[in-house]
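Structure, as structure tokens:
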Amino acid sequence: MIIKNKNEVPFEDTKGYNRVIKQIFIGPKDGSNEIIMRYFSVSPGGATPYHKHDFPHLVKIEKGEGIAIDADKKEYKVEKGQLIYIHDNEIHGFKNTSTEAFEFICIVPERGEK
């Protein structure tokens, strides 16, 4: 069993992301070879790239509010406590339009962090 504190997990490289930081809470370094738990914090005015992957995402909004953008570029206001499922190869993105941090957990299969 591995138990961690969020504040002890280092930040990862987020080149290509606008005002976004990422932590890998649980991953291959912990022996998790099938699933990865990541944590993203999007600063006010920040956004993830509008992109797609060949794997699904499970997202849980942990703090603040922001915008989730779907494959049709439709924008949805999302906030703390909401859950999002993003299908394989579905174009998506997130942005923070508020004045506070917008933070979420994102769980992907191991290939999602390669």
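Compute the signed sum of charges (Lys and Arg +1, Asp and Glu -1) over the other residues within less than 15 Å, Cβ to Cβ, of Asn96.
Numbers: positive: Arg19, Lys22, Lys63, Lys77, Lys80, Lys95; negative: Glu62, Glu65, Glu75, Glu79, Glu100, Glu103.
Counting the neighbours of Asn96, the net charge comes to 0.
In square angstrom, what is the accessible area per residue of segment 17-61 with a 1.4 angstrom probe? Numbers along the way, then the final one.
Details: 2240 Å² over 45 residues.
Accessible area per residue, segment 17-61: 50 Å².
Return the carbon/sulfur percentage of the accessible area of the chain, one whole number, probe 1.4 Å, all protein chains in place. Provide the component values of the computation, followed by the final result.
Values: 3590 of 7010 Å².
C and S fraction of accessible area: 51 percent.
Report the full-extension gain for the segment Leu58 to His87: residue separation times 0.36 nm, less the Cα-Cα distance, to one decimal in nm. It would help to have the intermediate numbers written out before the result.
On the way: separation 29, 0.36 × 29 = 10.44 nm, distance 0.90 nm.
Answer, rounded to one decimal: 9.5 nm.
Got a number for the accessible area of Arg111? Probe 1.4 Å, square angstrom, nearest 10.
110
Sequence gap of 8 or more, or different chains, plus Cα separation below 12 Å: how many lysine pairs satisfy both in the chain?
Lysine pairs, 8 or more places apart or on different chains, close enough: 4.
Can you give me the C-alpha center-to-center distance between segment 98-113 and segment 31-58, rounded to a whole angstrom?
A separation of 4 Å, based on Cα centres.
Run the quick spin-label model on Ile26 and Met1: label points 7 Å from Cα toward the beta carbon, then report their separation in nm to one decimal.
1.2
From the C-alpha coordinates alone, can you work out the Kirkwood hydrodynamic radius of the chain, in Å? Could you put the intermediate results ahead of the total?
On the way: mean 1/r = 0.0697 Å⁻¹.
Computed over the chain, the radius equals 14.3 Å.
For segment 1-88, run through the GluC sites (Glu not before Pro) and keep only the ones in DSSP coil with at most 10 other Cβ atoms within 10 Å of their Cβ.
On the way: sites: Glu8, Glu12, Glu34, Glu62, Glu65, Glu75, Glu79; in loops: Glu34.
Passing sites in segment 1-88 are Glu34.
The values are calculated or read from the model by the stated rules, or taken from the named source; none is laboratory data. Quick caveat, the model's predicted, so the values are computed rather than measured. Neighbour counts are summed over all protein chains in view; Cβ atoms, including those assigned to glycine, are modelled from backbone coordinates with ideal geometry. Areas reflect the complete protein model, heavy atoms only, side chains present, ligands, DNA and RNA absent. Shrake-Rupley method; radii C 1.70, N 1.55, O 1.52, S 1.80 Å.
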